[in-house]
Amino acid sequence: MKMKGFMALAFMAGLVLLGGAAKAGSEVKMTGDVRVHGNWFSKTNYTGWNGDGAQTGDPFTVWERFRLRTDFIANEDLKFRLGIRVNNGVWGDGTFKVDNPAVAIDVYQAYLQFKLPGTEAEFTVGRQPFTVAHSSFFGGSSIVLDSEAAAAMVSLLLIKDTLSFTGGFMRLLDTNKDFDKTTRQVPDEFDGYYLSLPVTVEGFSATPWALLAVTGRDADYAGTSVGGGGLYSNTLAQTLFSAGQYALEPFGVRNAQNMFLWAGGAFEVTTLDPFKFYADLIYGGGNLSDRAHNKRQGWFLDFAAEYTGFDALTPQLAFWWSTGEDGSLRNGSERMPQIVSAWGPSTSFLFDTDQAFVNNTMGVNAVGTWGFSASLNSVSFLPDLKHRLTFAYAHGTNSAKGLRAANALLGAGTYYQMGHDLADSEYVAGINLDNTYNIHENLALMANLGWSHGEFDSSVWGRRFVDQAKRGDAFLIAVGLQYKF
C-alpha cells in the first residue's frame, strides 16, 4: 500500500476509534451525504469550452462526492464538529482512478461551539459554514459570501423571539501564513468583520447586516480560486477588484491595505400567508481611497413572491437588478464586489446556486444583470415523486464598450468571460426541469434537464466565441443518486 493511502486509512481508523472513546464522556452523532451523478452536457459556457476558450469540455462526466460530519457533544452548551469530505471528484481521475488513486480527503469543517455559563451568548470558533444574511428564497445563499471560513463568531439573544445579534472576525486569506518570506513584514492577509441584527415579529422579519473587510496588497488573490461550479476560472482577483486594476498603468493598488464594505438588509413577509414575499438590498464597495481605476462599488437587489396554499405545487416569481460597468475603465468598476457567491432563484439552470449536483449550471454572474424567473416548485401528484419547472431570463447591465475595452487590453476570457458576464446588448434564457424520486426515506434518485440559449455581442467577445455559441444551444441531462444519513 502506498504511504498516502496508508495515512488516509489510519486517519479514518483514528476517527472511528476517537468516536468510540468519546462515547464514555460525551455523545457522538454522525451525519453526512453521498452524491453520485452523471452529466451529459452539451455546450457548457455556451461554447463547450472553458472560460478562456483554451479547453473543450467532455460531453459526459461522472461526479462523486462524500461528506461526513461528526459532532462530539459534551452537553447542550458544548460541542465540537469535525467535517471531512471527498469533494466533487471525477470518475477515472484522482481518488476515483483505477490504479494508484490520489488521496483527496480533506477537512472542510472543524469548529468548537459553546455557550457561556448562565448566558445565551454562543461562540463558534474554527473553520465553519458562513454566509452573510439573506432572504431564504434565493437559493439559501448569498450574492456576497457563502462558504466555509476560519472565523470566531458570537451570537447573542437580546430580546427573546424578537431581536438577536451575530458578529465576529474571519481570516479569509493569509498567503504567507505565520512567516513572511523575508525579514520585511508585508500585508498578505484578507480579513473580515461581520455583524447582523435579526429582528423578528409575527409575520415579518428584517436583518440589517454589514461586512467590513481589509485587503492586504501582498495577498495572492489571483491564485485563489473561488466558487464551486468549476465552469469558469474565477479568482478573488476577478470577483473583488476592478478590471482597471490589472489593465491600466500603474498596475496594482497604491495602498498597503484597502477597506471593503458591504451593507444590506434581508426581508421576509409572511403576514399574508399563504402569500409570502422576500427581498434583499445590498451595497458593496472597496478600494475607494486608492487610484481611481482601482475603485469598485455597486448595488444589488432582488425580490420574490410565492403562493404556498396549494397542496400539489408552489408557484414562484422573482426579479433582480444590479448595477453594471460603464464605458470607462479609468473610473473603476460599477459592479458590486463579491467574495464567494452562490445565488439563484428557484434553483435556476442559469446560476450556480443550491443544486444538488455539481457542474450542471450555466454559471451566469447575477452581478451586472437584471432579470426575472417563474417557477412551479414542489410539484407532486404521486407519492415520493416531486418536480420543479423553472424559467429564467437575464439581461446584461454592463456597458458593451467597457467590457470591450477590458478585453482589448487583457484578452477575452481573462477577466470577463462570455456567458458569465453579460453586456447590455446581451441576454440569456434558461429552462430546467428537476425531478426527484425517493427510493427510500434517505435515498433519492434525481433526473435534471436543462436548456439555455444566449445572444452574445461579437464586438465584445470576437467572432470565435460568438460563432461557436451560435452552433447550438446548451443542453444538460444529469442523473444520479443522493443518500443522506
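Could you order the peptides 205-213, 39-47, 87-95 from most to least packed, using the average number of other C-beta atoms within 10 Å per residue?
39-47, 205-213, 87-95
On a C-alpha basis, how far is the centre of segment 56-119 from the centre of segment 467-485 in Å? Whole number, if you could?
25
Only Lys, Arg, Asp and Glu count, each charged at its Cβ (+1, +1, -1, -1), so figure out the dipole size of segment 3-484 about its Cα centre, rounded to 20 debye.
840
Where both partners of a DSSP beta bridge lie in segment 3-484, what percent of those bridges are antiparallel, to the nearest 5?
Bridges in segment 3-484 that DSSP calls antiparallel: roughly 100 percent.
Listed highest first by mean packing, meaning other Cβ atoms within 10 Å per residue, what order do 345-353, 135-143, 452-460 come in?
345-353, 135-143, 452-460
Report, as a whole number in µm² per second, the diffusion coefficient that Stokes-Einstein gives for segment 264-384 at 20 °C and 1.002 mPa s using the Kirkwood radius over alpha carbon pairs.
130
Modelling each spin label as a point 7 Å along the Cα-to-Cβ direction, I'd like the SER459/ASP473 distance in nm, to one decimal.
So the label points at SER459 and ASP473 sit 2.7 nm apart.
When the expected Rg is taken as 2.2 N^0.38 Å, what fraction or multiple of it is the alpha-carbon Rg of the chain?
Ratio of Rg to 2.2 N^0.38 Å for the chain: 1.00.
Which order, highest average first, do 161-167, 389-395 follow once you tally other Cβ atoms within 10 Å for each residue and take the mean per peptide?
With the highest mean Cβ count within 10 Å placed first, the list reads 389-395, 161-167.
Values quoted throughout were computed directly from the atomic coordinates according to the rules given, and no laboratory measurement underlies them. What you see is a predicted model, and the numbers here were worked out from it, not measured in a lab. We place every Cβ from the backbone using ideal geometry, glycine too, and count neighbours over all the protein chains shown.
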